[in-house]
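These notes are about the structure you will find just below.
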């Protein structure tokens with residue numbers, strides 16, 4: 001059993017028979033020194049994100065989530081197809097709202113973690129950071145800092161992110177899949 005104090009980012013637990021993962025955790029003090037945990041949690045089966053408060057007396061069952069290696073095959077019309085790495089004939093499909101916004105940063109044939117709960121495939125776990133090549137970047141004009149010194153660039157997956165003005169077509173960027181933001185440039189274009 002998990003106590004209130006063990007609810008931290010990334011912890012997976014059972015709530016009302018469904019597996020959830022903690023996305024954000026914040027302790028708040030209320031009247032008469034009552035401490036409450038305000039959390040942002042995501043249902044691992046349907047992908048819905050909810051906000052929930054937990055009290056120090058609450059205990060939760062830890063989710064028994066089994067991880068396996070899966071490969072991203074393709075995405076079409078909001079549905080994404082994956083296969084198991086050890087047996088490519090075993091394919092499974094997940095809707096876009098279930099896997100989350102980070103799916104736009106996944107390349108075909110990229111290996112990720114699949115998640116099983118009670119023998120059923122329920123979701124995938126994206127890497128926190130991915131490296132992608134810039135396919136389109138408008139020129140950064142000197143003195144163009146009215147927008148905070150960033151410009152919108154297109155990545156090889158078709159996703160767009162705000163990046164610094166010095167980024168050029170062909171550069172390799174590190175992107176945070178949780179926030180959808182530019183992290184750093186890891187390679188200079190040709």
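The values are calculated or read from the model by the stated rules, or taken from the named source; none is laboratory data. Bear in mind that the values here come from a model prediction, so they are computed numbers and not experimental data. When we count neighbours, we look across all protein chains shown, and the Cβ atoms used for this are built from the backbone with ideal geometry, even at glycine.
Count of the range 175-190 residues, restricted to those that are modelled with pLDDT of 90 or more, within 22 Å of residue 80 (Cβ to Cβ) and surrounded by 15 or more Cβ atoms within 10 Å (Cβ to Cβ), is 2. Scanning the range 102-123 for residues that are farther than 16 Å from residue 176 by Cα, in contact (Cβ under 8 Å) with a residue 12 or more places away in the chain and part of a strand (DSSP E or B) gives 111, 113, 114, 115, 116, 117, 121, 122, 123. Report yes if residue 126 is under 30 Å from residue 1 (Cβ atoms) and touching a helix residue (DSSP H, G or I) at 6+ places or on another chain (Cβ under 8 Å), otherwise no. Spelling it out, residue 126 is indeed under 30 Å from residue 1 (Cβ atoms) and touching a helix residue (DSSP H, G or I) at 6+ places or on another chain (Cβ under 8 Å).
Which ones in the range 69-85 are surrounded by fewer than 14 Cβ atoms within 10 Å (Cβ to Cβ), touching a strand residue (DSSP E or B) at 6+ places or on another chain (Cβ under 9 Å) and part of a strand (DSSP E or B)? I'd like the intermediate steps shown before the answer.
Residues of the range 69-85 that are surrounded by fewer than 14 Cβ atoms within 10 Å (Cβ to Cβ), as a first pass: 69, 74, 76-79.
Next cut, touching a strand residue (DSSP E or B) at 6+ places or on another chain (Cβ under 9 Å) only: 69, 74, 78-79.
If the condition is that a residue be surrounded by fewer than 14 Cβ atoms within 10 Å (Cβ to Cβ), touching a strand residue (DSSP E or B) at 6+ places or on another chain (Cβ under 9 Å) and part of a strand (DSSP E or B), then 69, 74, 79 are the ones that fit.
What's the total number of residues in the range 76-113 that are under 27 Å from residue 184 (Cα atoms) and out of contact with any helix residue (DSSP H, G or I) (no Cβ under 7 Å at 6 or more places or on another chain)? Walk me through it before giving the result.
So the first thing to find is which residues in the range 76-113 are under 27 Å from residue 184 (Cα atoms), and the list is 96, 99-113.
Those left that are additionally out of contact with any helix residue (DSSP H, G or I) (no Cβ under 7 Å at 6 or more places or on another chain): 99-102, 104-113.
The qualifying residues number 14.
Looking at the range 12-47, which of the residues that are outside any strand (DSSP E or B) and without any contact (Cβ under 8 Å) to a residue 24 or more places away in the chain is farthest from the chain's Cα centre (by Cα)? Residue satisfying both the conditions and the ranking: 32.
Residue by residue through the range 9-33, note down the ones that are surrounded by 11 or more Cβ atoms within 10 Å (Cβ to Cβ) and within 17 Å of residue 63 (Cα to Cα). If the condition is that a residue be surrounded by 11 or more Cβ atoms within 10 Å (Cβ to Cβ) and within 17 Å of residue 63 (Cα to Cα), then 9, 11, 12, 13, 14, 15, 18, 19, 20, 21, 22, 23 are the ones that fit.
One line per residue, one yes/no per condition, for (1) touching a helix residue (DSSP H, G or I) at 6+ places or on another chain (Cβ under 9 Å); (2) at positive phi; (3) exposed (fewer than 14 other Cβ atoms within 10 Å of the Cβ):
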| position | (1), (2), (3) |
| --- | --- |
| 35 | yes, no, yes |
| 38 | no, no, yes |
| 42 | no, no, no |
| 47 | yes, yes, no |
| 51 | no, no, yes |
| 64 | no, no, yes |
| 67 | no, no, yes |
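Answer with yes or no whether residue 135 is farther than 30 Å from residue 166 by Cα and touching a strand residue (DSSP E or B) at 6+ places or on another chain (Cβ under 7 Å). Judged against the criteria, residue 135 is not a match.
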